[in-house]
Ligand SMILES: C[S@@+](CC[C@H](N)C(=O)[O-])C[C@H]1O[C@@H](n2cnc3c(N)ncnc32)[C@H](O)[C@@H]1O
């Protein structure tokens with residue numbers, strides 16, 4: 001198994017490294033965070049009063065989550081303490097906590113958002129982490145995950161050269177969905193996304209019609225914990 005990457009080492013240049021890899025797609029590194037949260041907002045129509053971003057890193061998604069769900073209490077967590085320090089500075093007023101191996105009781109939430117975290121979790125640990133997330137949701141709550149699309153050769157190339165992806169083991173949508181089902185989730189929905197750069201804004205509008213084509217840069221899966 002590859003060594004686990006310590007994201008404490010990448011807090012200062014995370015955005016720079018992200019920008020280097022994805023500049024051909026969009027020069028605006030906030031684009032990817034906003035793009036994802038726009039999808040979540042369109043897909044989650046029930047009221048959300050509490051939310052966890054699991055594996056929030058330096059908190060790039062949090063301001064967009066705050067805009068999209070202005071009345072929700074948002075909490076972020078990560079294994080990297082240095083990332084959480086940066087996230088706390090960037091997002092004052094948001095509560096963050098560090099994920100540890102041993103499980104601590106946490107208040108259950110309505111929505112868990114997880115962006116590009118599972119490919120950093122060693123495959124042998126993934127089922128356990130998914131079960132933990134299941135227990136952190138209220139009955140009727142949703143989980144929403146984004147992952148790199150392993151069928152897209154450009155995505156695979158970007159992951160191969162990115163210094164903080166040295167431990168990445170990409171997951172096919174079927175693997176992610178199997179973990180969700182095994183953990184107890186139901187009502188699974190999936191779509192491929194990130195087909196076109198924002199400069200082709202008209203084509204971006206067509207993306208929802210392409211959601212079954214395994215060519216997007218990433219994919220998302222949404223699932224529910226039964227009431
Ligand atoms: C590629 S970064 C994504 C950060 C953030 N989700 C974003 O979209 O900007 C992956 C993050 O997952 C975190 N991570 C890795 N394994 C984790 C685990 N088992 N539990 C929680 N976070 C984890 C890393 O520390 C890192 O901050």
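Values quoted throughout were computed directly from the atomic coordinates according to the rules given, and no laboratory measurement underlies them. Only a predicted model underlies this, so the values are computations on that prediction, with no experimental measurement involved. Positions of Cβ are generated from backbone atoms using ideal geometry, with glycine treated the same way; all protein chains shown enter the neighbour counts.
A compact table of results
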| item | result |
| --- | --- |
| Segment residue 160-residue 95, extension gain: residue separation times 0.36 nm, minus the distance between their alpha carbons | 20.1 nm |
| Descending principal axes extents, region 7-224, alpha-carbon based, whole Å | 43, 38, 36 |
| Full-extension gain in nm, residue 81 to residue 208, via 0.36 nm per residue minus C-alpha separation | 42.0 nm |
| Extended-chain gain in nm, criterion 0.36 nm per residue less alpha-carbon gap, residue 200 and residue 186 | 1.5 nm |
| Region 1-58: mean projected area of Cα convex hull, nm² | 6.1 nm² |
| Helix-only CD estimate at 222 nm, as mean residue ellipticity for the chain, using -39500 (n - 2.57) per DSSP H run (n ≥ 4) | -10000 deg cm²/dmol |
| Region 7-224: relative contact order as a whole-number percent, Cα under 8 Å and 6+ apart | 18 percent |
| Residue 138-residue 38 pseudo-label distance in nm [points 7 Å out on the Cα-to-Cβ vector] | 2.9 nm |
